[in-house]
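All remarks here apply to the structure that follows.
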Amino acid sequence: MGLDRRVFMKTLGLAGATLALGKSTGTALNKDNPTEFYGLLYDSTRCIGCQSCEFACAESHNLPEPEDYPDPEVVRKMDETRRTVVNAYTTDLGETYVKEQCMHCNEPACVAACLTEAMYKTKEGPVIWRGDKCMGCRFCMVSCPFDIPKFEYHSSNPKILKCDMCYDRLQKGEIPACVEACEEGAIVFGTRRELIKEARRRIHENPDLYKDHIYGEHEAGGTGLLYLAPVEMDKLGFKTTLQNESYPSLTKGFLYSVPSVFVLVPALLLGIHEATKNNHQTEDDGNE
Amino acid sequence: MMEMNSITYTKSRDPKKQSTWKFLISELKPKGKIFTPFNIISAPIILLGIVLIVIRFWKGIGSVTNLTQEVPWGLWIGFDVVTGVAFAGGAYVITFMVYILNSKKYHSLVRVTVLNGFLAYVFYAGALLLDLGRPWNVINPIIGNNFGTSSVLFLVAWHFLLYMMAQLIEFSPTIAEWLGARRARKILSGMTLAAVIFGITLSTLHQSGLGALYLMAKDKIHPLWYSEFIPLLFFVSSIFAGLSMVIFEGSISHRVFSNQISEKNHKSHNGILISLSRICAGAMFAYFFLQILIFIHEKRWEHLDSSMGYWYLFEMIGLVLFPMMLFFQGYRTRSIAFIKTAAILTMIGIIVNRLNVTVIGFMWEEPLRYFPSWMEITITLTVIFTEIWVFRWIIRRMPVLSDSPAWAQKGE
């Protein structure tokens, strides 16, 4: 059943959407349009769990090749040697696959957390890590609601590792390695607006196949990674309780209070000091 | 603990008789007994800790800690930095009372409390460097090429740095008295009020800022400890955390360094403790009331009937409400025993609260929980013991607990 659906989708998908959307047309960065973020649309119904994306990712980032397989019994996790993993989940529809990686949030918590601007949201959309700035405090890991950044605990010169949407390749006009490697068309690359439009089209044309939910459209204030799935995302190990406001908005109130505290508190303290200046002369007799 | 029978008052340099260098070299020699129980316990731990710190920088943080990809901040941040800085809050509270409210009866506490605060920041915020994976880049947010101004940690880091300077200025007249530098003392004393005002402002922001660090970890902290008001709770609790530390440290210092403290200050000490206990009780009442408001506002009762819920109740009732009543009772009956017990319970409460937010309640749903390794604990103890060694070194040499030299007193 599952396979039939995939074959069907494969034909449909290859003929339709991917062509329009640029995996095969090889959309490079649109330099004329710097205001739009690029992102990825991952369609769980098309993914067959072949791990091509994992191998391509490992190869293009000089990481070791994966040695395990998606297995419903095991939750595979990203770590300092892999920036993306495909997991299998047993759902009502049989085995369903899902690829995990950095969500490239519109307003990333890791970027707001970073005090050295090492975590950086590029104007093209990818969230990248810059080692020459990072001091290894791991506040990005504490703050990321998706638990994406990984740290090399066993290195004297540790790096933070996470998906950077192949930022280097993007600048050369190529598409991300995982997108290029995916023969099923499960991942497509494009501007976020185009991707949402495409996701809506797929849901509209196949309402029975998809849950009517684009994960990442609103979650955490919107993400560059968008997910379509045949089941609710919590069945695929994703958090569905995340807030729709961006995570940096949680600290905005505190940070905005800083300038007013710096103006008001010293003035107040000085005022109290002046007002109480003469107190001790009268009250002091016994103590001093 | 630290025994001090062999020496009496600190002796400041007399500029007419001795050159500064000769004086400094003579001051480097140890004073007091070497084989005290405290030294015998702390020295091997410090040596072991230094070895572990070398391993940490050589083989990476994972070689000595139990930190994971899910729990990137453990004991070193949760206890050394977050809890240590809360305990250092006494410095801004005492300077507020003495210099802003002009409540001179606490004046004898200022120097020792500021010294304690300063050393706490140097050592506990300094312990942050051990936790940085790439500490050589720590200058980046300071020298100005990479200002991550949207980061709460940026604010906290800058505040630590500036507050250390403010505290050093507040403490500097003591150093000047020690060195017999009359002119410098005069100039530095003139800067005290400005440093105090700046220091209190910084403290309000970074005491709360330490709580604000955890605001974005909304989905990771147990709902009984997460709220948008963490910064406010951290700030209010730093008041009685700091004062409890002042009471606790004061009662130890008055025993260990008793020969340095003048008769007058010895006599007034109990009266000061009683006044402090009233302030503690007041601040704790405000804190407890805030906690109740937050509890109702966030509809937390559904979480109560669980092991974390009982732990929460224990913290709130056993380590906030109960010591608050002890402080109040101690104030009413003028019972120093009550006050000291309350101070110790309050300090335990602060440790428990800060660890609940940062470690115990962090990623509480993960099946594999973080627990610090013996090496992390040893390094934490190394930091604490080294701080006490430096504290003792200064107390025995500078007029911190002892009275200022006669020439300096005349000016006041």
Pairing a residue in region A:257-276 that is more than 8 Å from every other protein chain (Cβ to nearest Cβ) with any residue that is assigned to a helix (DSSP H, G or I) and surrounded by 12 or more Cβ atoms within 10 Å (Cβ to Cβ), where Cβ atoms lie under 6 Å and the two sit 6 or more apart in sequence or on different chains, gives none
From the list B:I200, B:I252, which residue is within 10 Å of chain A (Cβ to nearest Cβ), in a helix (DSSP H, G or I) and within 30 Å of B:V357 (Cα to Cα)?
B:I200
Out of all the residues in region A:160-207, which are part of a loop (DSSP other than H, G, I, E, B), in contact with a strand residue (DSSP E or B) (Cβ under 9 Å, 6 or more places away or on another chain), under 21 Å from A:Y120 (Cα atoms) and not aliphatic (A, V, I, L, M)?
A:K162, A:C163, A:D164, A:P176
Identity of the residue in region B:295-338, among the hydroxyl-bearing types (S, T, Y) and in contact (Cβ under 8 Å) with a residue 12 or more places away in the chain, that ends up most open to solvent (accessible area, probe 1.4 Å):
B:Y331
Of (1) open to solvent by 40 Å² or more (accessible area, probe 1.4 Å); (2) of a type outside the set (D, E); (3) within 14 Å of chain B (Cβ to nearest Cβ), A:T90 fails just (3)
Need pairs with beta-carbon distance below 8 Å; first residue within 9 Å of chain A (Cβ to nearest Cβ) and within region B:125-151, second of a type in the set (K, R) and open to solvent by 20 Å² or more (accessible area, probe 1.4 Å); sequence gap 6+ or separate chains.
B:N137/A:K133; B:N140/A:K133; B:N146/A:K133
Are any residues in region B:189-203 among the polar types (S, T, N, Q) and free of Cβ contacts under 8 Å to residues at least 40 places away in the same chain, and if so, which ones?
B:T201
Limited to region B:142-158, what total is found for residues that are crowded, with 21+ Cβ neighbours inside 10 Å, at pLDDT 85 or above and not aromatic (F, W, Y)?
6
State whether one or more residues within region B:220-236 are away from chain A (no Cβ under 14 Å), modelled with pLDDT of 95 or more and within 20 Å of the chain's Cα centre (by Cα).
yes
Quick check: anything in region A:94-105 in contact with a strand residue (DSSP E or B) (Cβ under 6 Å, 6 or more places away or on another chain), facing another protein chain (nearest Cβ under 8 Å) and open to solvent by less than 30 Å² (accessible area, probe 1.4 Å)?
no
Report yes if A:K211 is open to solvent by 40 Å² or more (accessible area, probe 1.4 Å), away from chain B (no Cβ under 14 Å), part of a helix (DSSP H, G or I) and touching a strand residue (DSSP E or B) at 6+ places or on another chain (Cβ under 9 Å), otherwise no.
no
Close pairs from region B:354-366: first in contact (Cβ under 8 Å) with a residue 40 or more places away in the chain, partner assigned to a strand (DSSP E or B), Cβ under 8 Å, at least 6 apart
B:V357/B:I221; B:G361/B:I221; B:F362/B:I221; B:W364/B:I221
B:I197 passes all but one of (1) open to solvent by 10 Å² or more (accessible area, probe 1.4 Å); (2) modelled with pLDDT under 95; which number fails?
(2)
Here's a check for you: in region A:170-195, which residue that is more than 18 Å from the chain's Cα centre (by Cα) and within 29 Å of A:D132 (Cα to Cα) is most open to solvent (accessible area, probe 1.4 Å)?
A:K172
Return yes when B:W178 is more than 8 Å from every other protein chain (Cβ to nearest Cβ), more than 30 Å from A:I160 (Cβ to Cβ), modelled with pLDDT of 90 or more and in a helix (DSSP H, G or I) and no when it is not.
yes
In region B:322-331, the residues that are out of contact with any helix residue (DSSP H, G or I) (no Cβ under 6 Å at 6 or more places or on another chain) and either aliphatic (A, V, I, L, M) or at pLDDT below 95 (or both)
B:M325
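The values are calculated or read from the model by the stated rules, or taken from the named source; none is laboratory data. In this text the structure is predicted, and so the values were computed from the model without any measurement. Reconstructed Cβ throughout: ideal geometry from the backbone, glycine too, with neighbour counts over all protein chains shown. When the accessible area is computed, the model is the full protein with side chains, heavy atoms only, and any ligands, DNA or RNA have been set aside. Shrake-Rupley method; radii C 1.70, N 1.55, O 1.52, S 1.80 Å.
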